[in-house]
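This report refers to the structure that appears directly beneath it.
The values are calculated or read from the model by the stated rules, or taken from the named source; none is laboratory data. These figures come from a predicted structure and were not determined experimentally. Cβ coordinates were reconstructed from backbone atoms using ideal geometry, including for glycine residues, and neighbour counts include every protein chain displayed. Accessible surface areas use protein heavy atoms only, side chains included; no ligands, DNA or RNA. Shrake-Rupley method; radii C 1.70, N 1.55, O 1.52, S 1.80 Å.
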Amino acid sequence: MFEGVFCPSITITDDDGKIDYELWGRHLDHLADAGINGVLLFGSIGEFYSVSLEDKKSVIDFAVERVAGRMKVFVGVGDTTYDNVLELTRYSQKAGADAVLAVSPYYFGPTDDAAEKYFGGIADATDLPVVLYNFPARTGTDLSPELVARLAAAHPNICGIKDTVDTISHTRKVIRAVRKVNPEFSVLSGFDEYYLVNRASGGNGVLCGLTNVEPELFVRLHGAYQAGDFATAIECAKRISSLMAVYDACDLFVSAIKVAVNIKGLPISTAIFDPAIQASDDQKATIKQLLS
């Protein structure tokens, strides 16, 4: 259903944490003009855990109108309160989003039975496609290949997953398990450097943070792969591999991505929501060197 390169957008605010619609609109325009296949609002890099429900609704309305069909708009509906998850899911459909992305609840990580109830409830609350978000390093629980396949079998609109697991073997096993149930199920890797191995394993691409920074690079990679131009694809993959060091340049990867976007020319605030260690001048200089 979804194939290519997708961007989990940073949440762009001023230094005081107020949504900066003007600069966020310019960022969305850049992604769409570059040829990115879709944008995710309020993923991990979008600091979903720190944005109010009302601000999220306002941004959804804004982004759907701004994008105007030029790329897909996904909405991350993750929250520690299930009522908020379901409310934002329903609102996303009403606002005209293309899909919702649902991360596992964290702190009290669900058993498989609880996860089936949790994600099933989200699927039942909407007619939109539901993309699962597996990030066990942050949630504390893993969506196993068998669980993903059961969810896909029980709920036809659960038709994709972002698998943010730093081993391609997990993603490969998800692909094999879920395709027996739904041959069109989309499997996207959450790690930028996994595009080629994801596709070689039968997956559909990536939903990853560096697309905020150099979207043209990822679009070029995807186009080259689709065209069978593997020399260009490898060239792009090497550049992405070198850029992965950006993630480790700050205390939190969200901060590093914001700094990188700023260095690339969009004059956004690099502030991230508290509690946080903000990027230092030395860290900004390191990222600038990595991007050169």
| query | What number goes with the only condition from (1) of a type outside the set (Val, Ile, Thr); (2) within 30 Å of residue 27 (Cα to Cα); (3) open to solvent by 10 Å² or more (accessible area, probe 1.4 Å) that residue 176 does not pass? | reply | (2)
| said: Looking at region 55-83 only, could you name the residues that are of a type in the set (Ser, Thr, Tyr) and in contact with a Phe, Trp or Tyr (Cβ under 8 Å, 6 or more places away or on another chain)? | reply: 80, 82
| request: State the number of residues belonging to region 98-131 that are surrounded by fewer than 18 Cβ atoms within 10 Å (Cβ to Cβ), of a type in the set (Phe, Trp, Tyr) and at pLDDT 95 or above. | output: 1
| query | Out of 137, 97, which single residue is under 22 Å from residue 6 (Cβ atoms) and in contact with a strand residue (DSSP E or B) (Cβ under 8 Å, 6 or more places away or on another chain)? | reply | 97
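Yes/no per residue for (1) free of Cβ contacts under 8 Å to residues at least 24 places away in the same chain; (2) touching a Gly at 6+ places or on another chain (Cβ under 9 Å); (3) more than 18 Å from residue 13 (Cα to Cα); (4) part of a helix (DSSP H, G or I):
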site: 202; (1), (2), (3), (4): no, no, yes, no
site: 240; (1), (2), (3), (4): no, no, yes, yes
site: 257; (1), (2), (3), (4): no, yes, no, yes
site: 273; (1), (2), (3), (4): no, yes, no, no
site: 282; (1), (2), (3), (4): yes, no, yes, yes
site: 290; (1), (2), (3), (4): no, no, yes, yes
| note | Quick count over region 215-235, residues being surrounded by 19 or more Cβ atoms within 10 Å (Cβ to Cβ) and under 20 Å from the mean Cα position of the chain (by Cα), is 7
| remark: Scanning region 132-148 for residues that are in a loop (DSSP other than H, G, I, E, B), open to solvent by 20 Å² or more (accessible area, probe 1.4 Å) and free of Cβ contacts under 8 Å to residues at least 40 places away in the same chain gives 140, 141, 142, 144
| Here is a list of conditions, (1) open to solvent by 30 Å² or more (accessible area, probe 1.4 Å); (2) assigned to a helix (DSSP H, G or I); (3) in contact (Cβ under 8 Å) with a residue 24 or more places away in the chain, and residue 211 meets all of them except one; can you say which number that is? | (1)
| remark: Conditions (1) more than 26 Å from residue 1 (Cβ to Cβ); (2) open to solvent by 20 Å² or more (accessible area, probe 1.4 Å); (3) charged (D, E, K, R) -> residue 258 fails only (2)
